[in-house]
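Each remark here refers to the structure printed beneath this line.
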Amino acid sequence: MLFLMMTPQQRRLIEQLQRLHAAGEPLNITAVKRRHPDLLKAVMAVTPYWGWKRALEDAGIAYTRIKVELLDGIECALCGKWWRQLPNHLKWTHEMQSDEYLMDYPDSDLVCEEIRAREMKKEAKVVPHWEPLWSREYTLDRLAEYHRRGIPIHSSGLKENDNTLMMAATHHAGGWREALTAIDLDPEQITRQGYLQLRRYPDKQSVIEEIRRRQQEGFSLLSRTISKKKERSHTYPSLVRRGIEYFGSWPKALRAAGFDPVTVREQVFRKRRHYPDEPSVIEALQRRQRDGLPVTHADVAKGTFKDYALQKAIPVLFDRWNNALKAAGINPAEAREQLLRKNRRYPDKPAVIEAIQRRNETGCRLIMPTY
Ligand SMILES: [Zn+2]
């Protein structure tokens with residue numbers, strides 16, 4: 001923040017920070033809380049939320065250059081003696097469990113700062129720790145820093161990104177909601193933003209842009225195609241859902257993007273067809289005829305020799321099936337006859353002769369059965 005944009009109060013605090021830093025005073029949060037609690041309180045009270053981290057930044061003091069003070073002992077509130085950690089001492093000297101002790105002294109710690117700092121260093125986080133210890137102030141600073149960096153801090157996002165910070169918010173700030181409120185953020189708004197961020201297409205404009213991008217890159221605009229699994233590398237299937245949600249229907253979304261839904265469907269259909277015009281159909285029928293494949297509607301529509309595209313194209317381009325056959329120079333009656341013959345077990349003279357010979361060779365009877 002520019003020095004001129006700061007309040008007089010902020011400037012005073014900054015000068016104080018600079019003086020302490022110059023005097024070699026430790027400036028990590030827990031040390032300041034011990035030595036200059038009023039200064040820490042005053043910095044944390046600045047609104048909109050400023051925080052210790054940014055106060056140091058604005059004072060031109062790098063966090064990496066500050067002197068850090070960590071206590072290597074912890075005072076037992078019952079006997080006043082110092083220990084590196086309390087649980088065993090409490091158990092043997094005061095015959096007390098740690099949680100009983102914490103009920104009487106809820107703000108107390110059980111392990112000295114030095115050991116806790118060593119543990120905290122091991123935590124691998126999205127953003128490395130800049131403070132050696134957790135505290136309410138550090139928890140708030142960290143949340144504010146995440147928010148500045150655009151790391152999601154709505155509750156489920158935070159749990160996923162840095163659950164330790166979520167736990168710190170509960171432990172040091174009374175909860176996630178309270179922590180956000182303390183840094184002047186609205187938990188409801190943060191949650192809404194979080195869910196919108198999760199959305200691949202957060203608004204009308206993003207849907208329109210994606211539709212146009214698909215069109216430009218030659219991908220289909222049919223809702224059915226977009227929702228297919230194999231399309232997922234091109235577009236997220238939620239595009240159609242969002243389109244319907246924002247515009248009322250997918251055709252309306254297409255229209256909003258400047259496309260006529262009917263034309264879109266026709267274009268796709270034409271592109272998909274293997275037989276875009278009459279000559280291609282004629283050629284296909286003649287090819288089938290040459291290769292000895294059936295050309296009747298029934299056989300093109302289903303069975304071993306079916307050709308779905310051809311079956312679809314003929315009624316569109318020729319109106320009637322026989323018209324297409326005639327155009328291809330095929331006599332429909334002959335084609336049917338051929339088909340019938342083909343389906344016979346013995347379609348012609350040679351087939352009958354061959355069957356008789358085979359029976360003869362294998363010793364089967366050749367006498368006509370009498371009925
Ligand atoms: Zn004690």
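For the reader, a short list of remarks on this structure follows.
- 308, 201 arranged by Cβ crowding within 10 Å, fewest neighbours leading: 308, 201
- Entry note, the stretch 249-320: relative contact order of 24 percent, from Cα contacts under 8 Å with a spacing of 6+ residues.
- Over the stretch 204-269, relative contact order from alpha-carbon pairs under 8 Å, at least 6 apart, %: 34
- Projecting label points 7 angstrom from Cα along Cα→Cβ for residue 345 and residue 33 puts them 9.7 nm apart.
- Fewest-first sequence of 214, 11, 232 by Cβ atoms within 10 Å of each Cβ: 232, 11, 214
- Restricting the stretch 110-211 to GluC sites (Glu not before Pro) that sit in a DSSP loop and have at most 12 other Cβ atoms within 10 Å of their own Cβ leaves 123.
- Calculated FRET efficiency, residue 114 to residue 15, Cβ-Cβ distance, R0 = 35 Å: about 0.65 to the nearest 0.05.
- The stretch 306-371: trypsin sites (Lys or Arg not before Pro) falling in loop per DSSP and having at most 12 other Cβ within 10 Å: 320, 344, 345, 365
- Per-pair calculated FRET efficiency, R0 = 30 Å: residue 149 and residue 177 via Cβ, rounded to 0.05: 0.90
- Applying a DSSP loop filter and a limit of 12 other Cβ atoms within 10 Å to the GluC sites (Glu not before Pro) in the stretch 1-97 leaves 95.
- Sites residue 230 and residue 79, calculated FRET efficiency, Cβ-Cβ separation with R0 51 Å, nearest 0.05: 0.10
- Only Cα pairs under 8 Å and 6+ residues apart enter the sum, and on that basis the relative contact order of the chain stands at 8 percent.
- Amide H to amide H, with H built 1.01 Å from N, residue 67 comes under 5 Å of 27, counting only residues 5 or more places away or on other chains.
- For residue 122, a cut-off of 22 angstrom between C-alpha atoms picks up these lysines, skipping any fewer than 8 places away in its own chain: 53, 67, 159.
- Modelled spin labels at residue 195 and residue 25, positioned 7 Å past Cα toward Cβ, are 4.7 nm from each other.
- Here the sum of -39500 (n - 2.57) over DSSP H runs of 4 or more residues, divided by the residues of the chain, equals -17000 deg cm²/dmol at 222 nm, to the nearest 500.
- Computed over the chain with a Gaussian network model linking Cα atoms closer than 10 Å, the most mobile of 235, 64, 170 is 64.
- Alpha-carbon centroid distance for the pair the stretch 10-65 / the stretch 217-250, whole angstrom: 52
- Phi angles across the stretch 83-93 convert, under the Karplus curve 6.51 cos²θ - 1.76 cosθ + 1.60 with θ = phi - 60°, into 3J(HN,Hα) values of 9, 6, 8, 8, x, 5, 4, 4, 5, 7, 8 Hz, Gly and Pro given as x.
- Residue order for 280, 135, 249, fewest other beta carbons within 10 angstrom first, comes to 249, 280, 135.
Every read-out reported here was derived from the displayed coordinates using simple, explicitly stated rules and does not represent laboratory data. Predicted model, so just to flag it, every value in this text is computed and none were measured. Heads up, the Cβs are rebuilt from the backbone with ideal geometry, glycines too, and the neighbour counts pull from every protein chain shown.
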